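Notes for the one structure printed next.
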Amino acid sequence: MRLNNKKGFEMSFAFIFAMIVGAVILFLAIYGVSKLIGTSQNLHGSEVGKEINILLNPLETSIETSKEMSIELGQETKLYNKCYSEEGSFGRQGISASLQDFKGGWSKPGVESSLYNKYIFSRDSEQGKNFYLFSKNFEFPFKIGDIIIMTSGKYCFVSPPKVMEDEIQSIKDKGGMKNIDINYSKEDCINNSIKICFNPGCDISVYPLCSNCLNEYDFGYVEKKGEKMYFTKNLIYGAIFSDKGLYECNLKRMMKRVYQLSVLYKNQADIVSRKGCYWGLDSDTIIFGTAARNLNNSAELIGLQNIAESLKQKNQQALCKIW
Amino acid sequence: MVKNNIMWMKKTKCQMKIQKSSDFCLSRCRGQLKIKQMSFMLLAVVLFFIIVGLFFISFSFSRLKQDATTLNKENAIATALRLAGSPEFSCGKDYCISLDKAMALRGMSSYSGFWGVSSIEIWKLSGNRNCTISNYPDCDVIVIANNKDANQILTPLFVSLCRKEVENNAVYDKCELGKLLVGYKVE
């Protein structure tokens, strides 16, 4: 018996076979392309991380006290800043980037670019197309390195101390830190900006603890989300713009470098002493370096600050200066 | 006669059966041939895409290696420019390296890998004698770091090389021209 259904249509085996195999090929092609896009985004994120590492080199100061620059990325980017204080002799900082795709989602962060000789202070992740950076040198009592501040959000300083106002204004005059405003009342700040006050009642509040110093903000603490971060001198900027964990970690890394530099200066003193140039601060410097390396948190900075000041005075009086 | 007729009819029936089965076989064979043709075509298409994919991957990997080398080179140049200002090298002036510091740094293994470059060498322009603690300062080359990468290119930067000297109980900085060589790896 033969069925003759005029409404149906006949499909040959070849047609069904072609349909199935075609669908499989299309699926594989789409899957492969989407994977490839993901991989290339990840790759691009890794490249951005590495490039940022290189771009930060010009921010390192030599005899100057501060430098500024901005990084413009073509697309919305999230930069992740991680810090590992216990790794190796100097600790490590890891920068990775995640890029926004056309659907508004975020790609997987790229491979972390490792930095051993830089100290970047920022929030745990900064998001934007433009990133504003400036650096300040840090001496404790000899030069340790540069405090690099990386921001993307808007900040408003409310009645900062004169020294700080002049420093920020000089950076702004050179075309840097366009995202920072200085105002004399909280109400003048734009709505979505992070407000920094030098008294209570702001997103970030800075308190001085140095009553006998030339600048009362030479030592003090920053309070952010109920957490305190103690600073000395230029570390004030790190404490203002950084998250607590990252600040404490970078501080520990810097103190590890203090120790390594104190060993270096001791070795250098041994070399110059053979030429008849006697420094005489070898053991004091090593003791100071060891104390710095063992710093547990920023609250212990004040004790070290006093030793650093006395060491600085002794070095100034020495006939053979090492730093 | 009847027997003959019956025999003829049986023969014809049989011939018809053979004819039908051969028709069926022919159409089945044609179908199989079409499937074979399609399979070969699909195989060719898949192979084509695989070859294109492999070509693309090898191309992007070679680009990646080039990018890595470029980034290493940029890093070496930027590091060379900034190294003279770092506290481990600086003599306190711009583009000036303290030879005493460099000699002290030479033996510190904790600094290996700190600057993320393949090698760092300091050369006086006077010769090529390697510096040791016993022959310093009468020597020419201080090797701070060298991870002995096979494919390495050196980036030179002219700098002042200063060291402390004592004469008539007065300490002074004795300076001369030299080169800072920072090496990067070619991927």
Item checked: Verdict on B:SER110 being hydroxyl-bearing (Ser, Thr, Tyr) and either in a loop (DSSP other than H, G, I, E, B) or buried (at least 18 other Cβ atoms within 10 Å of the Cβ) (or both) -> no
Checklist line | Failed criterion for A:SER310 (all others in (1) in contact (Cβ under 8 Å) with a residue 12 or more places away in the chain; (2) part of a helix (DSSP H, G or I); (3) outside the structural domain of A:PHE134 (by TED's automatic domain parsing) hold) | finding: (1)
Next item on the list: Quickly run through the range A:288-323 and pick out the residues that are among the hydrophobic types (A, V, I, L, M, F, W, C) and at pLDDT below 90.
Entry: A:ILE302, A:ALA318, A:LEU319, A:CYS320, A:ILE322, A:TRP323
Note to self: Can you report the number of residues in the range B:95-107 which are outside any helix (DSSP H, G or I), more than 8 Å from chain A (Cβ to nearest Cβ) and crowded, with 22+ Cβ neighbours inside 10 Å?
What the structure shows: 1
Next item on the list: Return the residue satisfying two criteria in turn: it lies in the range B:61-83 and is more than 8 Å from chain A (Cβ to nearest Cβ) and of a type in the set (S, T, N, Q), and of such residues it is farthest from A:CYS320 (Cα to Cα).
Entry: B:SER62
Notebook entry, point to check: Can you pull out the residues in the range A:64-78 that are in a strand (DSSP E or B), within 14 Å of chain B (Cβ to nearest Cβ) and not aliphatic (A, V, I, L, M)?
Noted result: A:SER66, A:LYS67
Note to self: Given the options A:LEU28, A:LEU43, name the one that is out of contact with any strand residue (DSSP E or B) (no Cβ under 9 Å at 6 or more places or on another chain), of a type in the set (A, V, I, L, M) and in contact (Cβ under 8 Å) with a residue 40 or more places away in the chain.
What the structure shows: A:LEU43
Notebook entry, point to check: In this structure, is A:ARG92 among the charged types (D, E, K, R) and farther than 21 Å from A:LYS154 by Cβ?
Noted result: yes
Next item on the list: Just give me the residues in the range A:56-94 being within 18 Å of A:ILE144 (Cβ to Cβ), touching an Asp or Glu at 6+ places or on another chain (Cβ under 6 Å) and buried (at least 18 other Cβ atoms within 10 Å of the Cβ), in sequence order.
Entry: A:GLU60, A:THR61, A:SER62
Note to self: Out of the residues in the range A:34-45 meeting the condition of being among the hydrophobic types (A, V, I, L, M, F, W, C) and at the interface with chain B (Cβ under 10 Å from one of its Cβ atoms), tell me which one is farthest from B:LYS65 (Cα to Cα).
What the structure shows: A:LEU36
Next item on the list: Could you grab the pairs with beta carbons closer than 6 Å, sequence gap of 6+ or different chains, first residue in the range A:48-63 and at negative phi and at the interface with another protein chain (Cβ under 7 Å from one of its Cβ atoms), second one in a helix (DSSP H, G or I) and at pLDDT 75 or above?
Entry: A:LYS50/B:LEU71; A:ILE54/B:GLU74; A:ILE54/B:ASN75; A:ILE54/B:ALA78; A:ASN57/B:ALA78; A:ASN57/B:ARG82; A:GLU60/B:ARG82
Checklist line | Number of the condition not met by A:MET229 [criteria: (1) assigned to a helix (DSSP H, G or I); (2) away from chain B (no Cβ under 14 Å)] | finding: (1)
Next item on the list: Tell me which residues, restricted to the range B:166-178, are in contact with a Phe, Trp or Tyr (Cβ under 7 Å, 6 or more places away or on another chain) and surrounded by 17 or more Cβ atoms within 10 Å (Cβ to Cβ).
Entry: B:GLY178
Note to self: Let me confirm something: among A:TYR237, A:TYR221, A:TYR217, which residue is surrounded by fewer than 22 Cβ atoms within 10 Å (Cβ to Cβ) and either modelled with pLDDT of 95 or more or part of a strand (DSSP E or B) (or both)?
What the structure shows: A:TYR221
Note to self: Exactly one condition in (1) at the interface with chain B (Cβ under 9 Å from one of its Cβ atoms); (2) modelled with pLDDT of 85 or more; (3) in a loop (DSSP other than H, G, I, E, B) is false for A:LEU28; which is it?
What the structure shows: (3)
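Yes/no per residue for (1) more than 10 Å from chain A (Cβ to nearest Cβ); (2) within 25 Å of the chain's Cα centre (by Cα):
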| site | (1), (2) |
| --- | --- |
| B:GLY85 | no, no |
| B:LYS93 | no, no |
| B:TRP123 | yes, no |
| B:GLN152 | yes, yes |
| B:GLU176 | yes, no |
| B:LEU181 | yes, yes |
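The values are calculated or read from the model by the stated rules, or taken from the named source; none is laboratory data. Every value quoted in this text rests on a predicted model; they were computed, and no experiment measured them. When we count neighbours, we look across all protein chains shown, and the Cβ atoms used for this are built from the backbone with ideal geometry, even at glycine.
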